[in-house]
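Student: Provided herewith is a single structure, encoded as structure tokens, for subsequent inquiry.
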Amino acid sequence: RSFLNTKQAKNNMNRLLQLLSILCFFVLVSSFTILSHNLSRQCALSNKLSTSLHAVIEKEAPLKDAGTTVVEPKTDSDGKKSKNRQDQKEQQHQNEEWEVRIFDDRINTREHVARSLVQITGMPENIAYQTMMQSHKNGLAIVGRYAYEIAEMYNHGLEQQGIVSDLRAV
């Protein structure tokens, strides 16, 4: 009798292991499907943004063939190099406030946008939801006003999540 109970226990254990392996397989397949869907969604968004960015760049600043130019840095009367234009722009960036804006892209779900706003900017869930809804209804929403470095960090984080966003000097 104990031999039969042991044999039944082994059979039950084997069945349980088979069911667990099947369950694990389905979990893996589901995870892969979700990941590939998110990747294809981000690739489609990236291609769309890249195409429109190239169109804007070509429209606003067409390429000109002006030959090779060498620019020497300007010096003061003391012979010291003066700040170049990039340094001046960075100084100006630090002194200004910047708005982070998000746009309705019809690709990301509302839940994804709101969750990303909470995770990236640390805003409360109700404010993130209101911001997301404003973007959904109006096509554009202002996430907030920040110093340049913080605004740039938030913008980069949102773009990493596939959310169309930009910065604007205030």
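The values are calculated or read from the model by the stated rules, or taken from the named source; none is laboratory data. Model, not experiment: these values are computed from the prediction. Note that each Cβ is placed from the backbone with ideal geometry, even for glycine, and that neighbours are counted across all protein chains shown. Quick note on the areas: whole protein, heavy atoms, side chains included, nothing else; ligands and nucleic acids left out. Shrake-Rupley method; radii C 1.70, N 1.55, O 1.52, S 1.80 Å.
Student: Please identify the pairs in which a residue from segment 154-170 that is in a strand (DSSP E or B) has its Cβ atom under 6 Å from the Cβ atom of a residue that is of a type in the set (Gly, Ala, Ser), counting only partners at least 6 apart or on another chain.
Tutor: Sorted first by the residue in segment 154-170, then by its partner, the pairs are Leu167/Ala151.
Student: Return the pair list, or none, for Cβ contacts closer than 6 Å from residues in segment 108-132 that are under 16 Å from His156 (Cα atoms) to residues that are of a type in the set (S, T, N, Q) and open to solvent by 20 Å² or more (accessible area, probe 1.4 Å), at least 6 apart or on different chains.
Tutor: Listed by first residue and then by second, the contacts come to Ser116/Gln161.
Student: Among (1) among the small types (Gly, Ala, Ser); (2) at pLDDT 90 or above; (3) loosely packed, with under 10 Cβ neighbours inside 10 Å, which single condition is Gly139 missing?
Tutor: (3)
Student: A follow-up question, please. Restricting the search to segment 142-152, which residues are closer than 12 Å to Arg101 by Cα and open to solvent by 70 Å² or more (accessible area, probe 1.4 Å)? First the steps, then the outcome.
Tutor: Residues of segment 142-152 closer than 12 Å to Arg101 by Cα: 142-146, 151-152.
Result: Ile142, Arg145, Glu152.
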